[in-house]
Amino acid sequence: MADSNPNETLDSSRPTIAVLDYGIGNLRSAQKSLIRAGADASLTADPEEIAAADGVVLPGVGAFGACMDALAATGLDEQARVAAASGRPFIGICVGMQLLYEGSEESPDHAGLGLLPGQVRLLPDTVKRPQMQWNKLATSDHPLLIGLDGSWMYFVHSYAAELSDHTIATTDYGGEVAAAAALDNVWATQFHPEKSADDGRRLLENWVDFVRSTSKTSQTPESDQTRL
Amino acid sequence: MQVIRVIPCLDVDRGRVVKGVNFVDLRDAGDPVELAAVYDRQGADELIFLDITASSDDRETTVAMAEAVAEQVYIPFTIGGGIRTVDDARRLLRAGADKVSVNSAAVARPELVAEIAAEFGSQCCVVAIDGRRSNEVETSLGAIPESAPGIPSGFEVFVKGGREATGIDAVEWAQRVVELGAGEILLTSMDRDGTREGFDVEMTRAIADSVNVPVIASGGVGGVHHLAPGVTEGGADAVLAASIFHFGESTVADAKEALTNAGITVRPA
């Protein structure tokens, strides 16, 4: 476990990332781990800051309906839709992944953001719920998952998105369960990369690399940035 | 696939790790951040910090500890001990803890479990149950638990470090807290705690079979050979140990090797 991140020496290419802060749970770990992965990450609900960020993270913990209510109360549901529609890299984590779908069995009276097609379903009753453990990924070929086939990630969830054409990683928990998904610029993980030790760090570095590759600032470094 | 977690447990008092931590290579054996990092490197799946700070005035140090751990440790960690209100839980979760564990405060006021679950989600609401055999009968197979008045399972909930009986049946209590919203049960045998004789696998099995949330087996581990029976006989989803790791007798990797050799799936250390 290295203490230094090679990306940290490349200050000129630290993309800015907005972690949507709508008053739920512990976002500190997500922010810290994105910084460690080479990004300039901030927790924010400010529309201007979100609009200016190179990449946007939608976190989420707790119940689907409570998260949708909190997003709506802060206006961040609309900000999330705008950010996703802008084509900039966008990633949902844990319940943040589930919120991207059209709806969830957990809260049938709440619509999701509808950025990914399909529904979120309760895990089978043949297994303990929540799944609260590390589990192994089976990955497909996707930039988020470079080097991560067979990696171990930390999961905490009772619901998961339906498997679809957009599923890019699965894990085995009472059958094949969607662990990550992607449609164009909208990506998502059911597990918590920020709590998944070195494998989680690699995944976030993959995402930050992608954000960097798409960001305007990386192509035209600004004058106040210093190349070390 | 069920993947069994190995969880070292650290006792902290006013933000410092206490009780017999004895690593040779540490600059500061009382530093929770440094110890957490050691266990993280060894392949620990989670960590539990048990706050034994006596005075509530000193609890801010525990919040500061949670912040410091969250800065440098990228595996999940739970803080238990002294959490009496939703606000206590909120401060620790905001500081970076992934879960909070409640024990005697939930026995005194079970609604606390529902309040924490409603506010932050069941996934971060652990209920710690300290259980003891209230009655036993000797058989040719050894002592087995037997029902006692009001304690149909034979396992009773205790509080105050195992000193005070509550008259509550441990199995019924486990079911009740899960209904209230607990997402995980941390089950400690107060008969076995500190004995190094191994888990009370009968009690673990009784609880694990009665709820559909993960159960962490705790109390009595005296060597890595004690871990697997908590899973194979007790049905636990995670195993907790303290002294075998703290004294450097065993590493988390040793624990995982022992579990693997017993046919149990773990995340490789």
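The values are calculated or read from the model by the stated rules, or taken from the named source; none is laboratory data. All values derive from a computational prediction rather than experimental measurement. For neighbour counting, all protein chains shown are included, and Cβ atoms are generated from backbone atoms with ideal geometry for every residue, glycine included. Areas reflect the complete protein model, heavy atoms only, side chains present, ligands, DNA and RNA absent. Shrake-Rupley method; radii C 1.70, N 1.55, O 1.52, S 1.80 Å.
Using a Gaussian network for chain A with springs between C-alpha atoms less than 10 Å apart, which of these wobbles most: A:VAL127, A:VAL95, A:VAL56?
Maximum fluctuation in the GNM of chain A, among the listed residues, is at A:VAL127.
For B:3-9, what's the mean count of beta carbons from other chains sitting within 10 Å of each residue's beta carbon?
2
Under 13 Å from the Cα of A:LYS136, which aspartates and glutamates turn up, not counting those fewer than eight places away in the same chain?
In chain and number order, the partners are A:ASP149, A:ASP172, A:GLU176, A:ASP199.
May I ask you to compute the full-extension gain from B:GLU179 to B:THR61, defined as 0.36 nm times their residue separation minus their alpha-carbon distance, rounded to one decimal in nm?
39.2 nm
Which pairs in the list A:LYS195/B:LYS99; A:LYS32/B:LYS256; B:LYS99/B:LYS256; A:LYS128/B:LYS256 are over 20 Å apart, alpha-carbon to alpha-carbon?
From the list (A:LYS195/B:LYS99; A:LYS32/B:LYS256; B:LYS99/B:LYS256; A:LYS128/B:LYS256), the Cα-Cα distance tops 20 Å for A:LYS32/B:LYS256; B:LYS99/B:LYS256; A:LYS128/B:LYS256.
Mind checking how much accessible area B and A bury in total, 1.4 Å probe, in Å² rounded to 100?
What B and A bury together is about 2700 Å².
Given the DSSP H assignment, sum -39500 (n - 2.57) over each helix run of at least 4 residues in the protein assembly as shown and divide by its residue total; what's the result at 222 nm in deg cm²/dmol, nearest 500?
-8500 deg cm²/dmol
Percentage of Cα-Cα pair distances in the range A:16-227 greater than 32 Å, rounded to whole percent?
Looking at the range A:16-227, the distances longer than 32 Å represent 11 percent of pairs.
Let me know the charge dipole size of chain B about its Cα centre in debye, to the nearest 20, where only the beta-carbon of Lys, Arg (+1) and Asp, Glu (-1) is charged.
200 debye
Diagonalise the Cα gyration tensor of the protein assembly as shown and give the resulting equivalent ellipsoid semi-axes, square root of 5 times each eigenvalue, largest first, whole Å.
Numbers: eigenvalues 304, 117, 90 Å².
So the three semi-axes of the protein assembly as shown are 39, 24, 21 Å.
Ordering A:LEU71, B:LEU180 by how much accessible area each has at a 1.4 Å probe, largest first, what is the list?
So, going from the largest accessible area down, we get B:LEU180, A:LEU71.
Taking 2.2 N^0.38 Å as the expected size of a compact globular protein, what ratio does the Cα radius of gyration of chain B give against it, to two decimals?
0.95
Specify the angular offset, from 0 to 90 degrees and rounded to the nearest 10, of the alpha carbon long axis of helix A:197-214 from the longest principal axis of the alpha carbons in chain A.
On a 0 to 90 degree scale, this one is about 60.
Measure nothing but the geometry: give the 0 to 90° angle between the long axis through the Cα atoms of A:64-74 and the longest principal axis through the Cα atoms of chain A, rounded to 10°.
Helix A:64-74 and the main axis of chain A meet at about 40 degrees.
Solvent-accessible area per residue for the protein assembly as shown at a 1.4 Å probe radius, Å²?
Value for the protein assembly as shown: 38 Å² per residue.
For A:131-143, what's the mean count of beta carbons from other chains sitting within 10 Å of each residue's beta carbon?
On the way: counts 5, 14, 13, 11, 5, 5, 0, 0, 0, 0, 0, 0, 0.
Across the residues of A:131-143, the mean count of other-chain Cβ atoms within 10 Å is 4.
Rounded to the nearest 0.05, what FRET efficiency do B:GLU136 and B:ASN261 give with R0 = 41 Å and r taken as the Cβ-Cβ distance? Could you check?
Taking R0 as 41 Å, the efficiency between B:GLU136 and B:ASN261 is 0.85.
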